[in-house]
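Here the structure comes first, spelled out in structure tokens, and everything after it is commentary.
The values are calculated or read from the model by the stated rules, or taken from the named source; none is laboratory data. Not measured: the values here are computed from a predicted model. Heads up, the Cβs are rebuilt from the backbone with ideal geometry, glycines too, and the neighbour counts pull from every protein chain shown.
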Amino acid sequence: MKNPLILITIALVAFLTSSYDLKKDRPIVSNISKPNYVIVDSLKIGSKQYIDRKYIIKKFPSFLLNSAYIKTANDDKSSKGNDFLSFDVNQKVTVYVALCSTIKVIPSWLKNNFIRTELTITGDDEYIIYKKDFKAGKIILGGNLESDKEEDYGMYTVFVTPQMKIPKEITYITSEPLKEFSTYHQNPNLNIPHFEYESSSDSILKKIKMAFHLDSIAGKGDELSQIINLMKWVHYRVSHNGENSIAARSTLDIVNYFDSTKTGVNCRLMAIILNDIYLACGFKARIVGCRPHEDYSTESHVTNMVFSKTLNKWVYMDPSFMVYVVNKDGILLNHSEFRESLIKNKPIKINSDLNHNGDDYSGGVKAYLAYMTKNLFCFSCPLYSKYGYETDKSDVTFVNLYPKGYKEQKIKYNIPVKRNNVTYYNIQDDLVFWVKPNNE
């Protein structure tokens with residue numbers, strides 16, 4: 001049996017090279033007749049399916065990756081007729097309507113005009129995909145039901161791609177790459193520089209500690225409560241905006257930028273602030289880039305790890321969404337333990353007050369877990385954890401941790417790769433990557 005991830009890669013490569021460039025040719029969907037409906041530019045695992053429910057999309061055919069879709073309202077699931085939803089497209093498109101599989105009587109507008117495929121998407125329920133090609137202009141779709149006798153069903157979802165044929169070889173995007181590549185390869189002969197951490201006695205870190213009154217922020221509680229308090233302070237001190245990456249790469253510049261513009265910054269800049277805050281308070285810490293398998297998306301997430309002397313291990317902190325993770329016994333987990341728990345389906349909990357800029361996180365805990373299931377595939381850390389490291393004009397070094405078996409033919413493991421002033425070490429040894437700080 002072929003490796004399913006290889007099949008995904010084949011399907012995606014064949015589709016993308018023979019059909020269209022997503023960034024260049026993605027259709028523009030506009031003038032939607034339902035003002036509360038939302039047009040989403042890019043379908044990914046963990047995308048929210050409805051505007052009025054927390055259900056997320058957990059599985060879909062690989063060729064729909066990054067397609068535009070219309071986030072409908074599940075409260076409209078009893079809608080009928082041939083003229084319920086309309087929208088405009090700027091080019092020839094293929095429209096896919098995903099109808100809940102529990103609906104027994106297919107709406108006539110869908111049955112008579114669309115082609116039923118054998119493909120499905122999975123959200124809270126399973127949905128059968130129907131397809132039809134359209135010219136540029138207005139597109140009109142009917143309601144969700146033909147009969148009032150239906151029970152236990154959901155509203156359809158609409159996906160839009162440039163006009164295309166469905167690839168012959170179909171595979172599905174799910175969270176499975178994490179389980180497929182679950183192990184690492186320890187290498188006793190691995191020779192890379194050691195991770196280093198700036199001392200809290202550094203003059204700029206001392207300035208940060210005084211300027212932000214970090215002793216007061218951390219509080220007088222135990223070490224773990226201080227770690228969490230500092231993370232929560234960063235979360236509320238600067239807003240998160242995943243699309244906004246600025247040139248400033250040091251805490252004082254980032255905070256000054258936010259204070260002067262009131263514009264949030266992306267997750268990496270949030271992590272840089274928290275890393276400096278931890279270092280200033282005497283904690284050993286690192287910025288951790290969390291990346292997906294290449295078949296999912298180029299979008300990734302950046303978090304922090306901080307060493308707890310109380311637990312004698314690293315712990316996971318996410319300032320963008322104010323998240324930490326614990327096991328069934330309430331013990332804080334690190335990135336490696338978080339990843340392993342998802343792979344082995346171990347019970348874990350996320351703090352209930354996770355949020356995005358003070359608002360409810362879209363999709364809640366389930367959506368966050370799906371998001372990080374995608375992003376805990378591989379990791380990257382700066383070799384030296386210090387203030388302003390990523391703005392330094394001298395050489396900067398990162399260490400990347402990949403699971404065993406991933407891209408073996410493309411990555412030169414353990415051999416430094418230099419690009420401009422950045423050097424990368426690609427390794428498979430998780431023990432080296434997650435090594436404790438010296439003297440701990």
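Odds and ends about this structure:
- Applying the condition of being modelled with pLDDT of 95 or more and part of a loop (DSSP other than H, G, I, E, B) to segment 155-174 and asking which residue is nearest to Asp75 (Cα to Cα) yields Met155.
- Hey, Ile39 modelled with pLDDT of 95 or more and assigned by TED's automatic domain parsing to the domain that holds Cys100 or not: no
- Among the residues listed as Pro162, Pro167, the single one being more than 25 Å from Asp83 (Cα to Cα) and in the same structural domain as Lys71 (by TED's automatic domain parsing): Pro167
- Checking each residue in segment 121-154 for being assigned to a strand (DSSP E or B), surrounded by fewer than 18 Cβ atoms within 10 Å (Cβ to Cβ) and without any contact (Cβ under 8 Å) to a residue 40 or more places away in the chain picks out Glu126, Lys132.
- Cβ pairs under 8 Å, 6+ apart, first in segment 243-262 and farther than 22 Å from Lys207 by Cα, second in a helix (DSSP H, G or I): Ser245/Arg268; Ser245/Leu269; Ile246/Ile254; Ile246/Tyr257; Ile246/Leu269
- All of (1) modelled with pLDDT of 85 or more; (2) in contact with a Ser or Thr (Cβ under 7 Å, 6 or more places away or on another chain); (3) among the β-branched types (Val, Ile, Thr); (4) farther than 25 Å from Ile106 by Cα hold for Ile56 with one exception: (4).
- The sole residue among Thr391, Thr373, Thr397 that is β-branched (Val, Ile, Thr), under 27 Å from Ile348 (Cα atoms) and touching a residue at least 12 places away in the same chain (Cβ under 8 Å) is Thr373.
- Candidates are the residues of segment 388-408 that are more than 29 Å from Val315 (Cβ to Cβ) and over 26 Å from the mean Cα position of the chain (by Cα); the one that is modelled with the highest pLDDT is Asp395.
- Inside segment 363-383, residues that are buried (at least 21 other Cβ atoms within 10 Å of the Cβ) and basic (Lys, Arg) make up a count of 1.
- Residues (within 18 Å of Ile39 (Cβ to Cβ) and more than 26 Å from the chain's Cα centre (by Cα)) located in segment 70-91: Asp76, Phe84, Leu85, Ser86, Phe87, Asp88, Val89, Asn90, Gln91
- Of the strands (runs of 3 or more DSSP E) lying entirely inside segment 384-440, those carrying at least 1 residues that are crowded, with 20+ Cβ neighbours inside 10 Å and on the phi < 0 side of the Ramachandran plot are 396-401, 422-427.
- Selection from segment 186-205 of residues that are surrounded by 13 or more Cβ atoms within 10 Å (Cβ to Cβ), at pLDDT 95 or above and either assigned to a helix (DSSP H, G or I) or of a type in the set (S, T, N, Q) (or both): Ser200, Ile204, Leu205
- Residue within segment 172-185 that is in contact (Cβ under 8 Å) with a residue 60 or more places away in the chain, surrounded by 20 or more Cβ atoms within 10 Å (Cβ to Cβ), touching a helix residue (DSSP H, G or I) at 6+ places or on another chain (Cβ under 7 Å) and of a type in the set (Gly, Ala, Ser) present: yes
- Failed item in (1) closer than 24 Å to Val302 by Cβ; (2) in contact with a Lys or Arg (Cβ under 7 Å, 6 or more places away or on another chain); (3) among the small types (Gly, Ala, Ser), with Ala218 passing the rest: (2)
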